[in-house]
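Colleague: Okay, here's the structure, questions in a sec.
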Amino acid sequence: MYLSKLFIPITKDLPSEAKIKSHQLMLRTGMIKQSAAGIYSWLPLGFKVMKKIEQIVREEQNLIGAQEMLMPTIQSSDIWKESGRYDDYGEEMLRIKDRQGREMLYGPTNEELITDIFRTSVKSYKSLPQILYHIQWKFRDEVRPRFGIMRCREFYMKDAYSFDLNDEDAKKSYNKMFYSYIKTFNRLGLKAIPMAADTGPIGGNLSHEFIILAETGESQIYADKKIFEIDVSKYDSSDNSLKKMREDFSSIYAVTDEKFKENEFNDNVKKDNQIKTRGIEVGHIFYFGDKYSKPLNCLIDNQGGKKTAVKMGSYGIGVSRLVGATIEANYNKDIMKWPKSISPFDAVIIPSFSKNNKENLEKAEKLYKELKKQNIDVLLDDVEENMSNKFKKHDLIGVPYQIIIGSKSEESKFEFKELNSKSEILSLENIELKLKK
Ligand code: 5CA
């Protein structure tokens with residue numbers, strides 16, 4: 001993509017409500033545009049990053065055997081009346097009437113809808129276990145939408161639902177998802193800490209939030225540093241290993257303020273190891289047994305032929321929130337550097353040129369074609385502008401690798417720079433190797 005063609009409306013004047021870095025940066029680099037309070041359009045640059053995150057989430061869900069599907073955004077109120085949540089959910093639920101006066105709603109989550117699908121299709125324990133998921137827009141009429149896409153009203157979420165015959169099997173599904181989440185966040189370049197959590201309007205008695213550390217986060221957190229030393233690569237996907245993994249995580253102190261007790265913290269965590277900071281919740285998993293299957297009559301025959309309510313859990317990842325959370329975790333001293341796995345481009349070529357001397361631009365175009373041939377998604381900055389402005393702009397766009405075509409480039413060697421490090425002079429082959437790694 002040529003930068004001059006990219007729809008990237010860079011904004012200089014920020015609205016006063018853009019208080020945190022991610023919100024400011026996303027507006028400045030034209031990743032998003034607000035269309036109403038807490039509702040955003042995703043412009044090409046932001047959309048590209050979100051789609052990359054979505055794909056990593058999808059791959060990791062598929063790896064644990066979860067199956068992708070798609071449920072609608074608009075739901076009928078009937079199933080919510082059956083579960084009892086139509087009234088309980090309160091004003092966060094956006095309620096709509098269709099032309100026949102039927103009560104509908106814009107889904108804030110999908111426990112009811114998936115239970116309805118399951119109850120009509122699955123009748124026997126033989127079809128269990130199952131994990132189904134979708135990646136779909138949700139709407140919650142938040143009292144105070146803020147921080148841009150971090151706490152908004154319309155947001156993009158991966159929600160998965162597990163179905164098992166009994167508690168023991170259901171915990172295995174829960175552990176699988178726990179493992180998948182740690183792996184997913186690692187691939188996104190994030191260190192997420194699982195923390196025992198309250199269940200709120202979703203319900204149940206077992207729940208973990210996955211939180212990444214960031215000063216601007218909404219949750220106050222308290223943890224033992226040791227939690228970062230757990231090496232997830234030592235676990236495999238067998239049930240026993242996953243159980244051990246969750247036990248290992250649970251044995252180290254890590255809670256949000258909802259569960260915080262000063263004396264417990266001091267008794268359990270050495271002073272030097274105490275982390276007291278803020279964090280962003282990027283995922284939340286719940287085990288709630290038959291909370292929905294019972295009222296909705298989602299029954300299956302067990303081995304003895306007896307009807308039993310299926311045991312369920314639900315598992316969310318804030319896909320759109322992760323775009324902002326990744327910025328909060330990586331933005332440093334006015335420089336944004338996207339993790340390689342989700343960067344909007346693999347590299348950017350920055351030639352120094354003027355109206356009267358376009359030699360470097362021509363070199364850049366040749367290099368651009370070579371890299372494209374190798375399937376490297378490269379951005380070419382063909383905008384005529386002085387180099388210091390260009391660098392400032394690319395510090396914000398955050399593509400992690402730059403190929404600078406100026407005084408230091410030689411005939412077949414180029415100045416290659418990873419953001420925040422020193423540049424080196426490399427041949428095309430070596431640049432390709434670096435970008436493909
Ligand atoms: N049904 C369950 C699990 S599928 C559920 O809805 N869980 S949740 O409420 O915790 O949401 C899952 C994730 O969505 C959260 O961890 C968070 O990352 C994201 N999320 C929740 N509310 C918002 C919001 N208002 N704006 C942006 N992301 C949100």
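The values are calculated or read from the model by the stated rules, or taken from the named source; none is laboratory data. Values in this document were obtained by computation on a predicted structure and should not be read as measured data. Neighbour counts run over all protein chains shown; Cβ positions are idealised from the backbone, glycine included.
Colleague: Residues of segment 224-243 being more than 26 Å from Arg278 (Cβ to Cβ) and in a helix (DSSP H, G or I), which ones?
Modeller: Ser233, Lys234, Asp239, Asn240, Ser241, Leu242, Lys243 - these are the residues of segment 224-243 that are more than 26 Å from Arg278 (Cβ to Cβ) and in a helix (DSSP H, G or I).
Colleague: Within segment 46-70, track down each residue that is touching a strand residue (DSSP E or B) at 6+ places or on another chain (Cβ under 8 Å), crowded, with 16+ Cβ neighbours inside 10 Å and not polar (S, T, N, Q).
Modeller: Passing the criteria: Gly46, Met50, Glu54, Val57, Arg58, Ile64, Ala66.
Colleague: Same structure, new question: Please pick out the residue among Ser412, Ser421 that is under 27 Å from Glu328 (Cβ atoms), surrounded by fewer than 12 Cβ atoms within 10 Å (Cβ to Cβ) and of a type in the set (Ser, Thr, Tyr).
Modeller: Ser421
Colleague: Then there's this: Between a first residue in segment 93-115 that is away from the ligand (no atom under 16 Å from the Cβ) and a second residue that is outside any strand (DSSP E or B), which pairs have beta carbons less than 7 Å apart while being 6 or more apart in sequence or on different chains?
Modeller: Close Cβ pairs satisfying both conditions: Glu103/Ser77; Met104/Ser77; Met104/Asp98.
Colleague: Another question, if that's okay. Just wondering, is there one or more residues in segment 10-21 that are at pLDDT 95 or above and more than 19 Å from the chain's Cα centre (by Cα)?
Modeller: For segment 10-21, residues at pLDDT 95 or above and more than 19 Å from the chain's Cα centre (by Cα): absent.
Colleague: Sticking with this structure for a sec: Tell me the strands (runs of 3 or more DSSP E) entirely within segment 119-206 that contain at least 1 residues that are crowded, with 21+ Cβ neighbours inside 10 Å, within 15 Å of the ligand (Cβ to nearest atom) and among the polar types (S, T, N, Q).
Modeller: 154-164
Colleague: What's the number of the condition Ile431 fails, among (1) buried (at least 20 other Cβ atoms within 10 Å of the Cβ); (2) aliphatic (A, V, I, L, M); (3) under 18 Å from Leu3 (Cα atoms)?
Modeller: Checking Ile431 against (1) buried (at least 20 other Cβ atoms within 10 Å of the Cβ); (2) aliphatic (A, V, I, L, M); (3) under 18 Å from Leu3 (Cα atoms), the one that fails is (3).
Colleague: Next up: Could you please tell me which pairs satisfy a Cβ distance under 7 Å, a separation of 6+ or placement on different chains, a first residue in segment 28-57 that is among the aromatic types (Phe, Trp, Tyr), and a second residue that is assigned to a strand (DSSP E or B)?
Modeller: As it stands, the answer is Tyr40/Ile32; Tyr40/Lys33; Tyr40/Gln34; Trp42/Ile32, since those pairs meet every condition given.
Colleague: Answer yes if at least one residue in segment 28-43 is away from the ligand (no atom under 15 Å from the Cβ), at pLDDT 95 or above, in contact with a Phe, Trp or Tyr (Cβ under 9 Å, 6 or more places away or on another chain) and part of a helix (DSSP H, G or I), and no otherwise.
Modeller: The answer is no; no qualifying residue exists.
Colleague: Still on this structure, please answer the following. Out of segment 121-175, which residues are over 30 Å from Asp248 (Cβ atoms) and basic (Lys, Arg)?
Modeller: If the condition is that a residue be over 30 Å from Asp248 (Cβ atoms) and basic (Lys, Arg), then Lys123, Lys126, Lys138, Arg140, Arg144, Arg146, Arg151, Arg153 are the ones that fit.
Colleague: Would you point out which residue out of Tyr222, Tyr235 is over 19 Å from Tyr174 (Cα atoms), out of contact with any Cys (no Cβ under 9 Å at 6 or more places or on another chain) and among the hydroxyl-bearing types (Ser, Thr, Tyr)?
Modeller: Tyr222
Colleague: Out of all the residues in segment 283-329, which are more than 12 Å from the ligand (Cβ to nearest atom) and either in a strand (DSSP E or B) or within 18 Å of His208 (Cα to Cα) (or both)?
Modeller: Of everything in segment 283-329, those that are more than 12 Å from the ligand (Cβ to nearest atom) and either in a strand (DSSP E or B) or within 18 Å of His208 (Cα to Cα) (or both) turn out to be Gly289, Leu299, Ile300, Asp301, Lys307, Thr308, Ala309, Lys311.
Colleague: Right, something else. What tally of residues in segment 253-280 results from selecting those that are outside any helix (DSSP H, G or I) and either farther than 14 Å from Lys191 by Cβ or in contact with a Pro (Cβ under 9 Å, 6 or more places away or on another chain) (or both)?
Modeller: Final tally of qualifying residues: 11.
Colleague: Please report, ordered by residue number, the strands (runs of 3 or more DSSP E) entirely within segment 333-437 with at least 3 residues that are closer than 25 Å to Leu25 by Cβ.
Modeller: 347-351, 378-380, 401-405, 413-418
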